[in-house]
Amino acid sequence: MPRRAGVMAARAMWKGVIRFAEVEVPVKLYSAVQDRSVHFRLLHAKDRSPVKQAMVNPDTDEVVPHAETRRAYRTDEGSLVVFDKQELEALEPDSGRDIEVIRFMPPQAIDHRWYDRPYYLGPDGSESLYFALAEALANSGKEGLARWVMRKKSYVSALRLHRGVPMLMSLRHEEQVVPVDALEPPKGKALDAKELDMARQLISMLEAEFDPDEYHDEYRERVLELIEAKRRGKSVKVTPIRRREASDDLSKALEASLKKERKRA
């Protein structure tokens, strides 16, 4: 892995220490994704003053201060189990800085259903230890399975390289992943020979490499354009996107798709 001066301009969100056997590598954690949603303020339509949310007792319509609230769990029988803040805080995992690698696995041993959120790792002080970790992962061809606690929440993560940069990919827990066996098996007739041939042709015509630059949040872009137009005082007429109705005739849909792709090519 080439040695780089300064890993990234992004701001570190947390610091930890990767540990396996007797090895300790101090690292900084950087989020590998960011929220780019357009956020709005909620205003009173009458005078455009900002409004805020409040917790209200539905029986009295009185605002309830946060200090007077309690968390409760409704059981399947409908009863409520109430907790004090201290009771739940006592169950939180102990804070620490250790990112403990508990085993190493072949690459791609974890399928994509388990992926949750990616984080880049940068050096925290010793760059030599950081690059030694990156080179060890590259030479082994393996990825690690690690567990750690950040901000009172426990994580299990895959430790891997992305273009020479170590990453932690936090994983969902077992109870969060729905097994495919939970789905109803698909019903309906199989494709006939003509439909199957057209489907293969269409797939072949649509084959291409993944280029992330081609894919944008079109809704976000339309919202930003609308914001800019209204900021400039322009009169704006929003044209809704027309949705095409799906065809129930698979053969006709495949023929139309092939015709469209041939014309585009």
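Values computed for the structure shown
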item: Value of relative contact order over the chain, rounded to a whole percent, pairs C-alpha under 8 Å and six or more apart; result: 17 percent
item: Alpha carbon centroid spacing (whole Å) that separates region 192-265 from region 117-168; result: 38 Å
item: Estimated dipole of the chain in Debye, rounded to 20 [Cβ of Lys and Arg +1, of Asp and Glu -1, Cα centre]; result: 1460 debye
item: Packing-based ranking, highest mean first, of 55-68, 10-23, 169-182 given that Cβ atoms within 10 Å are counted; result: 10-23, 169-182, 55-68
item: Spin-label model distance (nm) - Glu22 vs Thr75, 7 Å beyond Cα toward Cβ; result: 5.3 nm
item: Solvent exposure of the chain as accessible area per residue, Å², 1.4 Å probe; result: 82 Å²
item: Projected label distance in nm at Arg222 and Ala45, using a 7 Å step from Cα toward the beta-carbon; result: 2.2 nm
item: Qualifying trypsin sites (Lys or Arg not before Pro) for region 81-137 [loop in DSSP, other Cβ within 10 Å: at most 16]; result: Arg97
item: Portion, in percent, of the accessible area of the chain that falls on carbon or sulfur, probe 1.4 Å; result: 51 percent
item: Cα centre as origin, Lys/Arg/Asp/Glu Cβ charges: region 126-215 dipole, Debye; result: 600 debye
item: 18 Å cut-off, amide nitrogen to a point 7 angstrom out along Ser204 Cα→Cβ, residues in region 229-265; result: 254-265
item: Sites matching GluC sites (Glu not before Pro) across region 184-247 that sit in DSSP coil, with at most 11 neighbouring C-beta atoms within 10 Å; result: Glu207, Glu209, Glu245
item: Cα lying deepest toward the dipole's positive end in region 118-265, options Ala146, His162, Tyr120, charges on Cβ; result: Tyr120
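The values are calculated or read from the model by the stated rules, or taken from the named source; none is laboratory data. Since the model is a prediction, treat every value here as computed from it, not as a measurement. So basically every Cβ, Gly included, is an ideal-geometry build from the backbone, and we count neighbours across all protein chains shown. Note: areas computed on protein heavy atoms with side chains; ligands, DNA, RNA excluded. Shrake-Rupley method; radii C 1.70, N 1.55, O 1.52, S 1.80 Å.
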